[in-house]
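Worksheet for the structure shown next.
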Amino acid sequence: AKAVTLRSAAGQTNVITRTSAKAMFEFSAAEADVRLQRIVFDGNRGGGITCQFASLPYGTLTLDDGAVFRNCQVLSTQGLTLKGSAHLVMEKGSEFRGFYGNDWGHGIVMNSGGTFDMKGGLITDCHGTYNSASDAYDGAVYVNGGTFNMSGGLITGNMSERCVAGVCFYSGSFNLSGDATIWGNEGGRVNDLIVSSGGAEDGKARVAADW
């Protein structure tokens, strides 16, 4: 796989702002490892992000220190969508904030594969609004058939009008370890975490890695 790093000059943080109706960021390289450092992608309250590799065996997008995705309006769709064998990594100092949606998952979504390794960083200020056709599941991180490994970082300050504000795990694999924390979210039905099978839920919970 070819390794590519996109970063701002030393001591700077460049901001790339979406100005058209297209998606803010699309990563569809077959065998590339792309790392973002000290760079901000601002959706300007529109668009979304797609990481798609179909069934290809390689490809990783890493948000490193200072890498930020923010400010997307994603009504009737999702924020960052992982598909196939897509691999997303969040490291310490990265952020995913300010995503607004009314479909399954208003933040990072895995509903047809993908792996998300959250080793650090922050997911916050993601908002799910009411949609009567699809309000059964929600979440700043939504997992249905993918893999979510959270060994660090913080998921907090996310909101959902009707459903789950923090993490919605429906199927696949979810592993919580290290100093990872899911806490301080506000949902209409569940605040921080729902592990669902046939709609079961455990009410409003505080979740930490040593819980």
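Of the residues making up segment 53-68, those that are modelled with pLDDT of 80 or more, assigned to a loop (DSSP other than H, G, I, E, B) and either polar (S, T, N, Q) or crowded, with 22+ Cβ neighbours inside 10 Å (or both) number 1. Scanning segment 13-52 for residues that are touching a Lys or Arg at 6+ places or on another chain (Cβ under 9 Å) and modelled with pLDDT under 75 turns up 24, 25, 29, 31, 46, 47, 50, 51, 52. The number of residues in segment 145-159 being small (Gly, Ala, Ser) and open to solvent by less than 10 Å² (accessible area, probe 1.4 Å) comes to 2. Just to be sure I understand the filter: pairs with C-beta atoms under 6 Å, separated by 6 or more residues or on different chains, first member in segment 101-127 and charged (D, E, K, R), second member at pLDDT 85 or above. Which pairs pass? Close Cβ pairs satisfying both conditions: 117/89; 117/149; 119/91; 119/151; 119/152; 125/97; 125/98; 125/157.
The values are calculated or read from the model by the stated rules, or taken from the named source; none is laboratory data. Every value quoted in this text rests on a predicted model; they were computed, and no experiment measured them. All Cβ positions, even for glycine, are placed from backbone atoms using ideal geometry, and neighbour counts span all protein chains on display. Ligands, DNA and RNA are stripped out before the accessible areas are found, and what is left, the full protein with its side chains, is counted by its heavy atoms. Shrake-Rupley method; radii C 1.70, N 1.55, O 1.52, S 1.80 Å.
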